[in-house]
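See below for the structure under consideration.
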Amino acid sequence: MAFSFSLSTPTIPTLLFTLSLLLSFLTTPASSATFNCSATTTCQSLIDYVPENTTTLNAIKTLFNISHLRTLLGANNLPLSTAPTQNVTALQKILIPFTCLCSNGTGVSNKRPQYIVKPGDDLDHIATVVFSRLVKYQEIAAVNNIPDPSLIGIGKKLWIPLPCSCDEVNGERVVHYGHVVEAGSSVEAIATKYGTDQETLLRINGIADPKTLQANQVLDVPLKACSSSVSNNSLDAPLLVSNNTYVFTANNCVKCQCSPANNWTLQCEPSTVNSTGCPAMQCQGSSQLFLGNTTTSGCDQTTCTYAGYTNKTNILTTLATQSTCAAPPPDNNNNASRMGLQGSSWSFLFAAIHLALLLLHVLQ
């Protein structure tokens, strides 16, 4: 009996996809991450994007569905005058801002970015090349309910679930940053660079041994956020802005930036971007100050600060006062004088007692 074997057309892409997955497992380390997120909420997060080829800011904005270029510029502390056509070279890191959704104990980007499948794409290529290993192909398949990862149609929209978190860290609200680990780096070095400690990074990332850290791994790094006067009832609460970044809020009427130079206090001012229809933002409680203005009286410095918004025409402000005078140093001379007087008093008392005892002895 003669046997024949032939490959039917539908099985060829399946075999090729399986082979590409096997090769990717052999040549690239695991890099995606699952960030813990206990609350059911949304927040703003950041993640590194490291393109394999030279691209542009505008192309990155489109890939990650970022509405405005200024949002991308703010996350990277780039001037607003930066051209959208500015090149981002291969392997150059750029921070991607996005909204995080926490649910069922983990955090992923809130239905964004959406990627449209192109000819020649498969899930592994999309995960490892297009999105630079920020996710695994299995994660893309899971959130998009794809039973067979080898069968995705051209033009299909895929939700790319970027890892993130909204949890407090050590009792403080932070901006969770998905840091792509560089070759030769260490947990301790990353902790020092971003103002945290090794124990915290190990704990929130579920790492038992810091020596197991791998290049291209996505690490959850908590970034300190500037304190603000934003009300919990504001539409942008909690407004978390991390070090050396800026954001636009209140329908682009307000620009806020964070810098340690300002004592980790959020600095907000009227925006010069799309300001049509924005209110004057005179400070509540002052007829002279407007948002961002400061006045000084003696040692007190009073600033009109941003407190949130309820709609485009109702932007809240409040007055914040802090002392600019340093506490006077201790008066060492006066302390020495007091100690000298106290010493003299004790010496006089001792001499008086000694004299009294001598007189008693003479009288006897």
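FYI, it's all coordinate maths here, none of it is from the lab. Because the structure is a prediction, the values reported are computed rather than measured. Virtual Cβ from ideal backbone geometry, glycine too; neighbours counted across all protein chains shown.
Observations on the structure shown:
- Given their separation in residues at 0.36 nm each and the Cα-Cα distance between them, Thr295 and Thr42 gain 87.4 nm when the chain is fully extended.
- Ranked by the mean number of other Cβ atoms within 10 Å per residue, highest first, peptides 127-139, 191-203 order as 127-139, 191-203.
- Radius, Kirkwood style, for the range 28-222 when every pair of distinct Cα atoms is counted (Å): 17.3 Å
- Neighbour counts of other Cβ atoms within 10 Å put Glu188, Glu172 in the fewest-to-most order Glu172, Glu188.
- The modelled label-to-label distance for the pair Gln86/Asn244, using points 7 Å beyond Cα in the direction of Cβ, is 1.4 nm.
- Neighbour-count order for Cys226, Cys299, fewest beta carbons within 10 angstrom listed first: Cys299, Cys226
- Contour excess over end-to-end distance, with Cα ends at Asn262 and Lys157 and 0.36 nm allotted per residue: 33.5 nm
- Relative contact order of the range 28-222, pairs being alpha-carbon contacts under 8 Å that are 6 or more residues apart, as %: 29 percent
- Under the Karplus curve 6.51 cos²θ - 1.76 cosθ + 1.60, θ = phi - 60°, whole-Hz ³J(HN,Hα) for the range 87-100, x wherever Gly or Pro sits: 6, 10, 6, 4, 6, 7, 6, 9, 7, 10, x, 7, 8, 9
- Leu319-Lys111 FRET efficiency (beta carbon distance; Förster radius 51 Å; 0.05 resolution): 0.85
- Solution diffusion estimate, µm²/s, Stokes-Einstein, the range 245-323, Kirkwood Rh from C-alpha pairs, 4 °C, viscosity 1.567 mPa s: 100 µm²/s
- Using θ = phi - 60° and Karplus 6.51 cos²θ - 1.76 cosθ + 1.60, couplings along the range 202-217 (whole Hz; Gly, Pro as x): 4, 5, 6, 9, x, 9, 7, 10, x, 6, 7, 4, 10, 4, 6, 5
- For the residue pairs Lys61/Lys118; Lys136/Lys193; Lys224/Lys312; Lys255/Lys312; Lys93/Lys255, alpha carbon separations beyond 22 Å are given by Lys136/Lys193; Lys224/Lys312; Lys93/Lys255.
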